[in-house]
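Here the structure comes first, spelled out in structure tokens, and everything after it is commentary.
The values are calculated or read from the model by the stated rules, or taken from the named source; none is laboratory data. From a predicted model like this one, the values you see are computed outputs, not experimental measurements. Here the Cβ is made from the backbone with ideal geometry for all residues, glycine too, and neighbour counts use every protein chain on show.
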Amino acid sequence: MKVLYKNANLFLEGKGFVRGGFLVERGRFSAVFEGSTPWDGIDLGGAYVIPGLVDAHIHGAAGADFSDGDKKGLARMGRYLALRGVTSFAPASMTLPYETLAKAFHTAARLAANRPDGCARIAGIHMEGPFFSEKKKGAQNGAFLKLPDFDAFQRLYHGCGGLIRIVDVAPELPGAVLFAEKAAALCTVSAAHTDADYDTVRCFFAAGARHLTHLYNAMPGIHHRAPGPIGAAAEREDVTAELICDGYHVHPSGVRMAFRLFPGRICLVSDALRCCGLQEGDYELGGQMVRLKNGVAQLGDGTLAGAASDLYDDMRNAIAFGIPVEEAIQAATIIPAQRLGCGGEIGSIATGKYADFIVCDERLERKQVFLGGQALSVS
């Protein structure tokens, strides 16, 4: 069945919003055109249409956590995200025993191979931990920290059919550079939860790492005599940086600075926890308890944990903080899609890609979400 949509303000990669329309066939965009058309179709009345969002780093939502290894919970999380306009995601693990990770990764592979109706696409796995610095572990469980171990990583990688798309490592740990050299042939290697200095991180990127996990958080800040991981990453045009834009993890000025330091290389991520979409209260995270209060999720000692907002809200926050609309949308769609190695399938409105899109008003308020060309109820 072919469905034509016309008279829309389409967000097209590299062009911004353009008047036009598109044809959906068998769940994909079979044609995208600019301007008007005389053909009969669904008239969107000048509504704004953006690609479905891609979250490259999210732990949980709607009471589910990826690390639980529960297929029903992961599907519930995926359905919640889809309704919010996040049509693809890379569930992120925590610092946990290898056997716990293996179970979660296998669950993700099963769901990716047989996606339930209305469930956002699993675009890969983000392996966050256990190869982290004790000093910058943040809300990760220190009892399960380990040194970089490529053999263990490789077993996990092959155990889930190669679904791991990002693996996080603290560059200062013994064996980190050799790990990056080997793992970069399989997926994106990212610097994360690190106390490394500028030179150490430079070597890590030279070895093949190409990503920086949640910029500013769980790493040294920028000092004019010690630029640290941020300085090392900003200098490389092939390195992307994640940014949590919930209004708590990073000050609005820091958000604006990030987009200037990494032009065209920011991946907006939610880093959301199972409390996303739920009421205030206590929730489990990687074997530790997290309390959500006034929109902030923290451990008992006050350590800031992940977030409670989803990527769609974060994208709109970025715009409210002064980021141009086009840059914010790209940072939540095509840039993370490309970093996950899925840019040919998702992340933009283009011929041949999955017909995942959101119909909005001029303020980007959701009116309707479409997943593979199928309409979902807006949440």
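Scan region 272-320 for residues that are in contact with a strand residue (DSSP E or B) (Cβ under 8 Å, 6 or more places away or on another chain) and in a helix (DSSP H, G or I) and the total you get is 5.
What is the number of the single condition among (1) touching a Ser or Thr at 6+ places or on another chain (Cβ under 9 Å); (2) assigned to a helix (DSSP H, G or I) that ARG110 does not meet? Condition not satisfied by ARG110: (1).
Looking across region 160-196, just one residue is assigned to a strand (DSSP E or B), touching a residue at least 60 places away in the same chain (Cβ under 8 Å) and polar (S, T, N, Q), and that is THR188. When TYR157 is tested against (1) closer than 22 Å to GLN338 by Cα; (2) over 20 Å from the mean Cα position of the chain (by Cα); (3) in a helix (DSSP H, G or I), exactly one condition is not met: (2).
Taking every residue in region 228-249 that is on the phi > 0 side of the Ramachandran plot and pairing it with any residue that is surrounded by fewer than 24 Cβ atoms within 10 Å (Cβ to Cβ) and in a helix (DSSP H, G or I), at least 6 positions away or on another chain, the pairs with Cβ-Cβ distances below 8 Å are GLY228/TYR198; GLY247/ASN317. Given the criteria modelled with pLDDT under 95 and more than 17 Å from PRO263 (Cβ to Cβ), does LEU299 qualify? In short, yes. Answer yes or no as to whether ASP238 is within 20 Å of the chain's Cα centre (by Cα) and surrounded by fewer than 17 Cβ atoms within 10 Å (Cβ to Cβ). Yes; evaluated as a whole, the condition is true for this residue. With respect to the stated conditions, GLY78 fails to be assigned by TED's automatic domain parsing to the domain that holds ARG363 and either in a loop (DSSP other than H, G, I, E, B) or buried (at least 18 other Cβ atoms within 10 Å of the Cβ) (or both).
Do we find a residue being under 21 Å from LEU212 (Cα atoms), of a type outside the set (Val, Ile, Thr) and in contact (Cβ under 8 Å) with a residue 40 or more places away in the chain anywhere in region 348-365? No, region 348-365 contains no residue that is under 21 Å from LEU212 (Cα atoms), of a type outside the set (Val, Ile, Thr) and in contact (Cβ under 8 Å) with a residue 40 or more places away in the chain.
Scanning region 12-25 for residues that are more than 26 Å from the chain's Cα centre (by Cα) and more than 22 Å from GLU362 (Cβ to Cβ) yields LEU23, GLU25.
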